[in-house]
Amino acid sequence: QVQLVESGGDLVLAGGSLRLSCAASGIMFRANAMGWYRQAPGKQRELVAAVTSGGSTNYADSVKGRFTISRHNANNTVYLQMNSLKPEDTAVYYCNSYPLLPWLWGQGTQVTVSS
């Protein structure tokens with residue numbers, strides 16, 4: 001059974017930090033590039049960051065220098081360290097393959113940043 005389970009979201013003050021985790025099962029995790037995506041109310045889902053199987057990363061301009069994506073292949077887990085959070089980072093965060101697979105979405109984890 002293919003499954004992605006996101007966790008780590010919370011309510012934080014602006015300037016704070018959070019670390020999101022995504023546990024993957026049922027997919028060839030080591031071979032897949034993985035991404036973190038987010039969807040804010042009334043907006044389309046967007047790519048936040050991605051990491052290749054070899055560890056290369058890329059980021060949306062809006063999060064460069066604040067967010068760090070990483071992966072732990074032995075644990076089939078991908079992480080998103082988020083620092084200097086801003087109210088505009090408020091969204092539901094999801095992980096998925098990169099490029100995304102439309103059928104692979106998990107339940108997401110809510111991040112709320114208050115000013």
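General remarks:
- Note on region 48-115: semi-axes of the ellipsoid equivalent to its C-alpha gyration tensor, largest first and rounded to whole Å, are 21, 15, 11.
- The chymotrypsin sites (Phe, Trp or Tyr not before Pro) of region 1-45 include none that meets both criteria, a DSSP state outside H, G, I, E and B (loop) and at most 12 other C-beta atoms within 10 angstrom of the site's C-beta.
- Relative contact order of region 1-94, defined on C-alpha pairs under 8 angstrom at six or more residues apart (%): 34
- Largest-first principal axis extents, alpha carbons of the chain, Å: 40, 25, 22
- Mean-position separation - Cα centroids, region 88-115 and region 11-33, in angstrom: 9
- Here the Debye sum runs over all C-alpha atoms of region 1-69 as equal scatterers in vacuum, and log10 of I(q)/I(0) at q = 0.16 Å⁻¹ comes out as -0.67.
- A DSSP coil position with no more than 14 other Cβ atoms inside 10 Å describes the following trypsin sites (Lys or Arg not before Pro) in region 28-70: 43, 64.
- Among beta bridges that DSSP assigns inside the chain, antiparallel share in %, nearest 5: 90
No value in this document is a laboratory result; all are computed from the given coordinates. Please read all numbers here as calculations on a predicted model, not as lab measurements. FYI the Cβ positions are ideal-geometry reconstructions off the backbone, even for glycines, and counts take in every protein chain you see.
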